[in-house]
Amino acid sequence: MNLLIILLSIFSLSGNPAWLKDIEQAKKISHDSHKYILVNFSGSDWCGPCIKLEKQIFEDPQFQKFAEGNLVLLNADFPRLKKNQLDKAQMSLNEKLAEQYNKSGIFPLTLLLDENGKVVKKWEGIPAKDAPAFIAQLKATK
């Protein structure tokens, strides 16, 4: 319970919704807040479309505002450059998540999950031309 309070404080203090790194944590918050989980599989230092998706949609203030009120964000990053490598615990979490949801290794892959981790919607590649178009797709899913 204390962890949930800390995480919710981080969400509200930062101004931008935080991307979680652990599916179990995301499911707990999703369950408690009744929000969908948006999962993004990315290759932050090698995947051009992943970088474009981050800049065009996820960094857009309209998306961030929508996400803050409606989504639990979860990122599974698979960087390739040595300087960007994740610690072993995080890599293990990401690999476990990929084994469950991204066996084909598609990048970027964005999923909308319910609070139990069931896939509600799936986007391969960049899901929309811009943040408003993606938000419209997310709203249509509800």
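Read the figures in this text as sums done on the coordinates, not as results from a lab. Computed from a prediction, not measured in an experiment: that's the story for all the values here. Neighbour counts are summed over all protein chains in view; Cβ atoms, including those assigned to glycine, are modelled from backbone coordinates with ideal geometry.
Spacing of the modelled spin labels on Gln137 and Asn70, each 7 Å from Cα toward Cβ, amounts to 1.3 nm. Computed from label points 7 Å out along Cα-Cβ, the spacing between Ser104 and Asn16 is 3.0 nm.
To the nearest Å, what is the center-to-center distance of segment 62-97 and segment 106-125, using C-alpha atoms only? Using only Cα atoms, the two centres lie 13 Å from each other.
In segment 24-142, the DSSP beta bridges split such that about 60 percent are antiparallel, to the nearest 5.
Less than 5 angstrom separates the built amide H of Ser44 from those of Phe78, all sequence-distant by 5 or more or on a different chain.
Cβ-Cβ distance of Gln90 and Lys121, R₀ of 30 Å, FRET efficiency by 1/(1 + (r/R0)^6): the value works out to about 0.70.
Per-residue ellipticity at 222 nm computed for the chain from its helices equals -14000 deg cm²/dmol, with DSSP H segments shorter than 4 residues left out and the rest contributing -39,500 (n - 2.57). Here is the list for segment 37-139: trypsin sites (Lys or Arg not before Pro) lying in DSSP coil, each with at most 14 other C-beta atoms within 10 angstrom of its C-beta, are Arg80, Lys103, Lys118, Lys129.
Across the chain, Cα-Cα pairs farther apart than 25 Å form 23% of the total. Applying both filters, DSSP loop and at most 10 other Cβ atoms within 10 Å, to the chymotrypsin sites (Phe, Trp or Tyr not before Pro) of segment 38-142 eliminates every site.
Note on Glu59 and Leu81: their simple-model spin labels are 1.4 nm apart, each label 7 Å out from Cα toward Cβ.
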